[in-house]
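Structure, as C-alpha cells:
The values are calculated or read from the model by the stated rules, or taken from the named source; none is laboratory data. Owing to the predicted nature of the structure, the values given are computational and were not obtained by experimental measurement. In this analysis, Cβ positions are derived from the backbone assuming ideal geometry, glycine residues included, and neighbour counts consider all displayed protein chains.
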Amino acid sequence: MAWIFSLSMECGDDAAAAAELTAHFESFSLEGESGESISIRGQTLLDDEGATWVMAIPQGVSRVGIQSDADARSMTLLGSQLYDRLRIAPRGYRFALCGIEVDGFRTCAELLDADAIRRFRGLVVEEAIFKAVGEPPAFEPFAPGYWWLPYGGETYPPR
C-alpha cells in the first residue's frame with residue numbers, strides 16, 4: 001500500500017468547487033529543496049458519506065511515508081507551499097489538511113466535536129465550522145472565510 005502525501009480538501013457535494021480546486025492546484029508547481037520543479041497531480045474522490053474530496057499530490061514524493069529527517073524536511077517544505085497555494089484557492093472547500101494519508105480522514109460531522117478539531121495541526125476549516133465548535137482560541141485566520149490550526153510540519157519519526 002502506498003502512503004500518499006497530499007493536501008486534501010473536502011468540498012461536500014459541490015462538484016464544481018472540486019473541479020475548480022483541482023485546476024487551481026494542477027496549474028501550479030512546487031519548488032523542492034534543491035530548487036527543482038515538482039508538479040502537482042489532482043485527484044478527486046468520493047467518501048462513504050458522498051462528500052467530494054480533492055487531493056493535491058506533489059509528484060515524486062515518497063510513497064512509503066516518512067522514513068528519515070530528510071523526508072520530513074522535504075514534505076514540510078512542500079506542505080508549506082501547498083498551504084500558501086490554498087490561501088489563494090477558489091472557495092468552496094469546507095476543510096483541508098496536509099499530510100500523509102489525510103484524504104477522507106474525517107467527515108464534516110466528526111469535525112464538529114470541539115476536542116477532535118484541535119488534534120490536527122494544519123487543519124483549515126471554513127468559518128461556519130470554526131463558529132460551530134466555539135471558535136477555539138488555538139485557531140488563527142487563514143484566508144477570508146477560513147481559520148486554521150497552524151501547520152507544524154512533518155516529523156521523523158512521525159507523530
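Observations, loosely collected:
- Close Cβ contacts (under 8 Å, 6 or more residues apart or on different chains) running from residues in the stretch 141-157 that are at pLDDT below 95 to residues that are surrounded by 15 or more Cβ atoms within 10 Å (Cβ to Cβ) and among the acidic types (Asp, Glu) comprise 154/71; 156/71.
- Scanning the stretch 56-73 for residues that are part of a loop (DSSP other than H, G, I, E, B) and out of contact with any strand residue (DSSP E or B) (no Cβ under 9 Å at 6 or more places or on another chain) yields 67, 68.
- Scanning the stretch 19-38 for residues that are in a loop (DSSP other than H, G, I, E, B) and more than 16 Å from the chain's Cα centre (by Cα) yields 27, 32, 33, 34, 35, 36.
- With a requirement of 2 or more residues that are touching an Asp or Glu at 6+ places or on another chain (Cβ under 9 Å), the strands (runs of 3 or more DSSP E) lying completely within the stretch 74-158 that satisfy it span 95-100, 146-148.
- Any hit, the stretch 26-45, residues being in contact with a helix residue (DSSP H, G or I) (Cβ under 6 Å, 6 or more places away or on another chain), surrounded by fewer than 20 Cβ atoms within 10 Å (Cβ to Cβ) and farther than 18 Å from residue 100 by Cα: yes
- Selection of the stretch 134-159 for residues being touching a Phe, Trp or Tyr at 6+ places or on another chain (Cβ under 9 Å) and either closer than 29 Å to residue 65 by Cα or surrounded by 17 or more Cβ atoms within 10 Å (Cβ to Cβ) (or both) yields 139, 140, 142, 146, 147, 148, 149, 150, 151, 154.
- When residues of the stretch 55-84 are limited to those that are among the small types (Gly, Ala, Ser) and within 18 Å of residue 8 (Cβ to Cβ), the one surrounded by the fewest Cβ atoms within 10 Å (Cβ to Cβ): 80
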